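Engineer: I'd like to ask you about the structure that follows.
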Amino acid sequence: MAYFPETLIAPRFLRPGESGIVSSNERDLLKLIWRHPGLSRSEVTAHTDLTQQSVYRIIDQLEERGIVSFGSPKPGTGRGQPSPTLRLNGSYAYSCGISVNTDVIGICLMDISGKVLAESSVALRDRSMAQSLDLVLEQLTEHQRDNNLTDETFFGIGFAIAGFHVSGTRYNAPLPLHEWSLIELGPLLTEFFGKPIWAHNGAKAGTVAESMFGAGRYIKHFAYLSFNYGFGGGLVSNGELLHNGVGNAGEFSGMYDAEESKRRPALQYLIENINRNGLDIPSITYMRKHFDPKWPGVLEWVDEVTPAYSRLVNAIWAIFDPQAIVFGGQIPPALAQILIDRTEIYDRPRYGVPRPRPKLVISEISSDASAIGAAIAPFKSAYY
């Protein structure tokens, strides 16, 4: 049976007398307010095809429901009645983002305005799925208590897991997450947490976070490289995540055969290489926190993965033509810079004129991008 989180949304979040949350016009205005917090109500009309009368009516309805809040007018905005500024009202609703990686579960609580309310993590080593979920629920409850959050304003949960999408809410995750794989996570997690669940691939959730809070604030077309235990990513076109097919657009590891897959830039192989050289790196989380480019085995790994990595960058450039390629996931920024510096671009200038290249940039999100993307996913799906 298909799982649709929208059918489980609490009635208090629905439009009065209807089964939907927002209309298409309301969604457009909420998206505009998200992108331009502090925009005055009188300025909105210039950004839409709606009449001023319609804009004012819709915004007043959103304000009455508590989704939008009015702020002080901008100074010096002309004669007549000053127009209030507009923001999403963070107290209206909050969500929880849960990101399951091979070594750790990230947790992020966020309100509808995009403000992060709390972040924490649960170590996965030697813990079953049931034990891990119990610990996540404990931390979620603690965060709710510390932030005086009520169940009434708890909208839903975004859930991200490493692994490619199979169908419905089923994902095929790496071996350390075999217990989480190939099962319908949506119904299972809804029963456990008592909230609707928006399920995503972890790399796609990180891509969403980058589009909402990172490079996507000023770049509309970019590819996101998610360096984790494995290696994946996502594609953003005109500000929106591309799903395509069955939802696996950006599964970059799929371009490598079985032998070359071992030389792709997956961090599991880097850790193995460092440990073979005498250090004890217990997890990717530890490596990201303590990374030193002088560790024995790091540059050896970079040399080994550079050909496959460079070919991928050039393939993305040739096929998708993004404005930028963002290095994200769990990769340490210093390691991302090493890879950027090693990138070989297969350009053949014609008449001395090269083809415009995408910028290679390091993600601006310093904490768990997948958990942040998972947290914003319910609101992005339902409101903007």
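The values are calculated or read from the model by the stated rules, or taken from the named source; none is laboratory data. Because the structure is a prediction, the values reported are computed rather than measured. When we count neighbours, we look across all protein chains shown, and the Cβ atoms used for this are built from the backbone with ideal geometry, even at glycine. For accessibility, only protein heavy atoms count, side chains too; no ligands or nucleic acids. Shrake-Rupley method; radii C 1.70, N 1.55, O 1.52, S 1.80 Å.
Engineer: Fully extended, how many nm does the chain gain between Tyr218 and Ile345 (0.36 nm per residue separation, minus their Cα-Cα distance)?
Structural biologist: Numbers: separation 127, 0.36 × 127 = 45.72 nm, distance 2.40 nm.
Full extension of this stretch gives 43.3 nm more.
Engineer: Still on this structure, please answer the following. Report Rg(Cα)/(2.2 N^0.38 Å) for region 294-355, keeping two decimals. List each step's numbers first, then the result.
Structural biologist: Values: Rg = 13.6 Å, N = 62, 2.2 N^0.38 = 10.6 Å.
Normalised Rg, Cα atoms only: 1.29.
Engineer: With a point put 7 Å past each Cα toward its Cβ, work out how far Val353 is from Thr150 in nm, to one decimal.
Structural biologist: Those two pseudo-labels are separated by 6.3 nm.
Engineer: Just from its helices, what would the mean residue ellipticity at 222 nm be for the chain, if runs of 4 or more DSSP H residues each count -39500 (n - 2.57) and the sum is divided by every residue, rounded to the nearest 500 deg cm²/dmol? Write out the running numbers ahead of the final one.
Structural biologist: Details: 11 runs with 133 residues, N = 384.
Calculated from helices alone, the mean residue ellipticity at 222 nm is -11000 deg cm²/dmol.
Engineer: Counting heavy atoms of the protein chains only and a 1.4 Å probe, report the per residue accessible area for the chain as a whole number of Å².
Structural biologist: Each residue of the chain exposes 47 Å² on average to a 1.4 Å probe.
Engineer: Ok, one more. From the convex hull of the Cα coordinates of region 1-76, what is the mean projected area in square nanometres? Write down the numbers at each step before the final one.
Structural biologist: Numbers: hull surface 26.2 nm².
Spelled out: convex hull of the Cα atoms, projected over all directions, averaged, 6.5 nm².
Engineer: Distance between Cα centroids, region 204-230 to region 119-175: provide it in whole Å.
Structural biologist: Spelled out, the Cα-based centre of one part sits 21 Å from the other.
Engineer: How large, in percent, is the carbon and sulfur part of the accessible surface of the chain at a probe radius of 1.4 Å? Provide the component values of the computation, followed by the final result.
Structural biologist: Numbers: 9140 of 18090 Å².
Ligands and nucleic acids excluded, carbon and sulfur reach 51 percent.
Engineer: A further question on this structure: Shape call for the chain from the C-alpha gyration tensor, a ≥ b ≥ c root eigenvalues: rounded (a/c under 1.5), prolate (a/b greater than b/c) or oblate?
Structural biologist: Details: a/c = 2.06, a/b = 1.38, b/c = 1.49.
Oblate.
Engineer: Over the chain, what is the relative contact order in whole percent, taking alpha-carbon pairs under 8 Å and six or more residues apart? Working shown, then result.
Structural biologist: On the way: 680 pairs, mean separation 69.5, N = 384.
Relative contact order, the chain: 18 percent.
Engineer: Find the Rg to Rh ratio for region 33-150, where Rh is the Kirkwood radius over alpha-carbon pairs and Rg uses the same atoms.
Structural biologist: Ratio value, two decimals: 1.18.
Engineer: Would you mind calculating the gained length between Ser181 and Arg127 on full extension (0.36 nm times residue separation, minus the Cα-Cα distance), in nm to one decimal? Intermediate values should be presented prior to the final figure.
Structural biologist: Working: separation 54, 0.36 × 54 = 19.44 nm, distance 1.53 nm.
The Ser181-Arg127 span can extend by a further 17.9 nm.
Engineer: Can you pull out the trypsin sites (Lys or Arg not before Pro) in region 255-356 whose DSSP state is coil and whose Cβ has at most 13 other Cβ atoms within 10 Å?
Structural biologist: Numbers: sites: Lys262, Arg263, Arg276, Arg288, Lys289, Lys294, Arg311, Arg342, Arg350; in loops: Lys294.
Counting only loop positions with at most 13 other Cβ atoms within 10 Å, the trypsin sites (Lys or Arg not before Pro) in region 255-356 are Lys294.
Engineer: What list of whole percents do you get for P(r) of region 147-230, with Cα-Cα distances grouped in 5 Å bins up to the one holding the largest distance?
Structural biologist: So the P(r) values, bin by bin, are 3, 14, 19, 19, 17, 15, 11, 3.
Engineer: May I pose another question? Semi-axes, largest first, in whole Å: what does sqrt of 5 times each Cα gyration tensor eigenvalue give for region 14-56? Walk me through the numbers before you get to the answer.
Structural biologist: Working: eigenvalues 84, 30, 14 Å².
Square roots of five times the eigenvalues give 20, 12, 8 Å.
Engineer: If you keep only loop residues by DSSP, which GluC sites (Glu not before Pro) in region 204-266 have at most 16 other Cβ atoms within 10 Å of their Cβ? Could the numbers behind the result be given before it?
Structural biologist: Details: sites: Glu210, Glu240, Glu251, Glu259, Glu260; in loops: Glu251, Glu259.
Loop-located and lightly packed - Glu259.
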